1. When PHE225 is evaluated against the numbered criteria (1) modelled with pLDDT under 85; (2) closer than 20 Å to PRO315 by Cβ; (3) among the hydrophobic types (A, V, I, L, M, F, W, C), which criterion, by number, is the only one it fails?
2. Looking only at the range 252-262, decide whether some residue is assigned to a helix (DSSP H, G or I), under 14 Å from GLY214 (Cβ atoms) and either within 28 Å of the chain's Cα centre (by Cα) or among the aromatic types (Phe, Trp, Tyr) (or both).
3. Suppose we keep only residues that are polar (S, T, N, Q) and part of a loop (DSSP other than H, G, I, E, B) within the range 268-312. Which one would you say is modelled with the highest pLDDT?
4. Run TYR255 past the list (1) modelled with pLDDT under 80; (2) of a type in the set (Phe, Trp, Tyr); (3) closer than 28 Å to PHE32 by Cα and report the number of the one that doesn't hold.
5. For residues that are more than 18 Å from the chain's Cα centre (by Cα) and not in a helix (DSSP H, G or I), scanning just the range 192-247, find the one that is nearest to THR87 (Cα to Cα).
Amino acid sequence: MAIYTQKQRTWLITALTAVVGVFLLWILRDLFPAFLGAVVMYVLFRPFFGQMIVKWHWPRWLATLCVVLVSFTLLVLPFLIVGVMITEKVQELFQHTDRINDVLVQVQQFVGFDFHDPDSVQRIIAAVQSDVFGGFSWFLSGAGSILLTVSMMYFMLWFMLMNHLKFETSIQRFFPFTRAEVDEFAEELKSSTFGNVLGQGLICLVQAISLGIGFVIFELPDPFFWATITFFISFLPVIGAPIVFVPAGLISLAYGDATAGYGILIWGFLLVTNIDNLLRYFISKYFADTHPLITIIGVIAGIPVFGILGLVFGPLLISWFLLLLKIVFKEKNQHH
């Protein structure tokens, strides 16, 4: 005589599967950035991959190898080089605290506010390290961790592309929606991914270049370094770039250089910040227009989990989640 009924067996198997699945997710949590990166790469380069397969009749292994090389050269390699450069610059900056101390003295004299006690420099340095440069902890965690993440990302991407038809068919089979809804989700997923990665990346790049040009025009130090910092910080819309050029302007004014101080402030508020709004208008015509609030919340939530990659993954995950909610509510309305 059976101990369990068929319904009880189904519930027990489902519960056991859920427990094992949650446990696997927990032990594989360090590979989640690699998996998410592979999905992003797949979505971005799937049209290019399809063109090589269908129009150019390339063998799959050659098309896959081409995607790997092109994506690594255009996206990953510059990211790693810039990350190493920034890490070295930050370490150099905090090894010479006398420079920071001098800046604080000048600013104190300019604003007339006495904050220069014996511990103030160390507190400010600690705050800057924790808040401003906290996003670069991913690079500081060690080359081994970076190498493992990138290697696993491309290992997953390779098999996704080599078996692209089976991969996409499997997703459609296990996706709990109709074929039309799956196709709609896939199209919006592609649009939101392109908008968050390429669209936002383009905005940040243009803002960084324009601010770097401003630093060169007004002869402010380290224009390339601060332009690079601007690129990453600009993932925070509205408040990103001003975090760089406002202190630069105030410090220049504190040192008595009114031309550079007022110049970089005017340049930043009139040109750099308005480029954001202008580019978003054009990008929204081609890709999903991500609301700035989603970007800010995504960055704040993503950086503690993914490190510097949270600048992209955080807003992206929120956008994907909202797409799923849209389909769920659409499905619910259809059944009423």
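The values are calculated or read from the model by the stated rules, or taken from the named source; none is laboratory data. What you see is a predicted model, and the numbers here were worked out from it, not measured in a lab. Cβ sites come from the backbone with ideal geometry, for glycine too, and all protein chains shown count toward neighbours.
1. Condition not satisfied by PHE225: (2).
2. yes
3. Among residues in the range 268-312 that are polar (S, T, N, Q) and part of a loop (DSSP other than H, G, I, E, B), the one modelled with the highest pLDDT is THR290.
4. (3)
5. Out of the qualifying residues, it is ASP222.
One line per residue, one yes/no per condition, for (1) at pLDDT below 85; (2) part of a helix (DSSP H, G or I); (3) in the same structural domain as MET153 (by TED's automatic domain parsing):
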{"site": "ALA2", "(1), (2), (3)": "yes, no, no"}
{"site": "GLN8", "(1), (2), (3)": "yes, yes, no"}
{"site": "ILE13", "(1), (2), (3)": "yes, yes, no"}
{"site": "LEU36", "(1), (2), (3)": "yes, yes, yes"}
{"site": "VAL40", "(1), (2), (3)": "yes, yes, yes"}
{"site": "LEU62", "(1), (2), (3)": "no, yes, yes"}
{"site": "CYS66", "(1), (2), (3)": "no, yes, yes"}
{"site": "VAL70", "(1), (2), (3)": "no, yes, yes"}
